[in-house]
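What follows is a single structure, written as structure tokens, with notes after it.
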């Protein structure tokens, strides 16, 4: 089910206003209920000593995709935060663009589990992982 256009615009504004996303030049490509896709271009500033993108930058792209896919599932007044994060790296990146995608695996009252992956613009797998987010501030039910 598609998210409301007004909520999508609010999520896009949140990406554009975030200092970490500006620093890494992460941009929102696509978002829907339980799904998101973000883009991050290769830049020399993101590389480590071997001139490939640092794993922390790749993990940030993946975690960003997870966070925003998660935001499409929570209710007003709720927040979600990373409870667990695991990622495997398969290939180094020294050029081009990276795309981080996340999809819901499980959504409960207090936890949301997501599958995530980062690929090159050509579709080669860079990294894959899973993350669990805790839902905070769940709406209280009315008594009686």
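Read-outs throughout are calculated quantities, based only on the coordinates presented, and are distinct from any laboratory measurement. Quantities reported herein were computed from a predicted structural model and do not represent experimental measurements. Here Cβ is always computed from backbone atoms with ideal geometry, including for glycine, and neighbour counts include all displayed protein chains.
How much mean residue ellipticity at 222 nm does the chain get from its helices, if each DSSP H run of length 4 or more adds -39500 (n - 2.57) and you divide by all residues, to the nearest 500 deg cm²/dmol?
Taken over the chain, the calculation gives -8000 deg cm²/dmol.
Helix 55-71 versus the longest principal axis of the chain: what angle, 0 to 90°, nearest 10, using Cα atoms?
20
For the chain, with a Gaussian network of springs between Cα atoms less than 10 Å apart, report the residue from 124, 107, 36 with the top mean-square fluctuation.
124
So what is the relative contact order of the chain, in percent, for Cα pairs below 8 Å that sit 6 or more residues apart?
23
Rounded to the nearest 10 degrees, what's the angle between the helix 5-17 long axis and the longest principal axis of the chain, both from Cα atoms, 0 to 90?
Orientation of helix 5-17: about 50 degrees from the principal axis.
Does the chain come out rounded, prolate or oblate by the C-alpha gyration tensor, with a ≥ b ≥ c the root eigenvalues, rounded set by a/c under 1.5 and, if not, prolate when a/b is larger than b/c and oblate if not?
Because a/c hits 1.5 or more and a/b exceeds b/c, the chain counts as prolate.
Which of 106, 7, 21, 133 comes first, and how do the rest follow, when ranked by fewest Cβ neighbours within 10 Å?
106, 7, 21, 133
Order the peptides 79-86, 54-61 from the highest to the lowest mean number of other Cβ atoms within 10 Å of their residues. Working shown, then result.
Working: 79-86: 13.2, 54-61: 18.8.
Per-residue mean Cβ counts within 10 Å order the peptides as 54-61, 79-86.
How large are Rg and Dmax for region 102-141 when calculated on the C-alpha trace, in angstrom?
Values for region 102-141 (Cα only, Rg and Dmax): 14.0, 47 Å.
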